[in-house]
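Asker: This is the structure I want to talk about, given as structure tokens.
The values are calculated or read from the model by the stated rules, or taken from the named source; none is laboratory data. This one's a predicted model, so the numbers in the text were calculated from it and none came from an experiment. As a convention, Cβ positions derive from the backbone with ideal geometry for all residues, glycine included, and neighbour counts pool all protein chains shown.
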Amino acid sequence: MEDSFDILLVNARHIKNVPGRKTDKKDSKWIAKLLLSGLLKGSFVPPKPTRELRDLTRYKRKVIEQVSAEKNRIQKILEDANIKISSVVSSTSGATATKIIDAMIAGEQDINELLKFRHRSIQSSIEDMVSALKGNLTAHHKFMLQTIKESINDKQNLLEKIDKQIENHLKKHELELDSELLQTIPGVGKDGVAYLLAEIGSNMEQFPDEKHLASWAGMSPGSNESAGKKKVVE
């Protein structure tokens, strides 16, 4: 449908009418008048494939945030049970911590048995680990931990599904070459490339120069004002 006519996405500040009695009918007449006079300048509207890729990458970021929140909940539940495992391991989602937590959920209470999961690369002493694992893990804590871990697994499966869809999208719209070229930029990986293509697309003709691109991306805050005076940047 959108291919049959041109769409202009205009900044509301640029079409603001004079103050007074405003109605939808008067506003529509005013906008039509500006359009006929050639006074409307459309903002960048990405093509449909780019917008679809944007939906995928933005949703992926939301799911990643949800996974991070769930991991924080695990630590909160352990803290509530007076188990300070986060003080003796680098990450509560690491291999050692995961095995210990799974064993606790399964009903293991013998600290000596739990210490068997301690990896030799862990710098914390056995005494510190014994002290950290002493707590009171109730049936409620176990239920919450199990439920949260299942939620994390579901979200991890969802992330894999989204990643496959992103890869298929890049192949379908012939963006693989652009993806490979962008990955040659230092510090830009596979995920970063997908985010870049999703937000700005692969066609740079809509941006007059790099300054316009940086401004559109919100990377040029324009802090050129001091003591109430604005400085002109050449």
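Asker: Kindly establish whether ASP128 is acidic (Asp, Glu) and exposed (fewer than 12 other Cβ atoms within 10 Å of the Cβ). It would help to see each step written out before you state the result.
Answerer: Details: acidic (Asp, Glu): yes; exposed (fewer than 12 other Cβ atoms within 10 Å of the Cβ): no.
No: the conditions fail for ASP128.
Asker: Of the residues THR98, THR92, which single one is polar (S, T, N, Q), under 20 Å from ASP154 (Cβ atoms) and assigned to a loop (DSSP other than H, G, I, E, B)? Give the steps one after another, and end with the answer.
Answerer: Numbers: THR98 fails: assigned to a loop (DSSP other than H, G, I, E, B).
When all the criteria are applied, what remains is THR92.
Asker: In addition: Using the structure shown, decide if ILE7 is modelled with pLDDT under 85, farther than 30 Å from LEU145 by Cα, out of contact with any Lys or Arg (no Cβ under 9 Å at 6 or more places or on another chain) and surrounded by 15 or more Cβ atoms within 10 Å (Cβ to Cβ). Let's see the steps before the verdict.
Answerer: Details: modelled with pLDDT under 85: yes; farther than 30 Å from LEU145 by Cα: yes; out of contact with any Lys or Arg (no Cβ under 9 Å at 6 or more places or on another chain): yes; surrounded by 15 or more Cβ atoms within 10 Å (Cβ to Cβ): no.
Judged against the criteria, ILE7 is not a match.
Asker: If you don't mind, there's one more thing I want to ask. Taking region 180-195 only, how many residues are among the hydroxyl-bearing types (Ser, Thr, Tyr) and more than 19 Å from HIS169 (Cα to Cα)? Outline the logic, then answer.
Answerer: Let us first name the residues in region 180-195 that are among the hydroxyl-bearing types (Ser, Thr, Tyr), namely 184, 195.
Adding the requirement that they be more than 19 Å from HIS169 (Cα to Cα) leaves 184.
Residues in region 180-195 being among the hydroxyl-bearing types (Ser, Thr, Tyr) and more than 19 Å from HIS169 (Cα to Cα): 1 in total.
Asker: Ok, one more. Please give the number of the condition GLU65 fails out of (1) assigned to a helix (DSSP H, G or I); (2) in contact (Cβ under 8 Å) with a residue 60 or more places away in the chain; (3) not basic (Lys, Arg).
Answerer: Among (1) assigned to a helix (DSSP H, G or I); (2) in contact (Cβ under 8 Å) with a residue 60 or more places away in the chain; (3) not basic (Lys, Arg), GLU65 violates only (2).
Asker: Something else about it: Among (1) over 30 Å from HIS173 (Cβ atoms); (2) assigned to a helix (DSSP H, G or I), where does GLY38 come up short?
Answerer: (2)
Asker: Here's another thing I want to ask about it. Determine, yes or no, whether THR138 is out of contact with any Cys (no Cβ under 8 Å at 6 or more places or on another chain), modelled with pLDDT of 90 or more and not aliphatic (A, V, I, L, M). Steps first, please.
Answerer: Details: out of contact with any Cys (no Cβ under 8 Å at 6 or more places or on another chain): yes; modelled with pLDDT of 90 or more: yes; not aliphatic (A, V, I, L, M): yes.
Taking the combined requirement at face value, the residue satisfies it.
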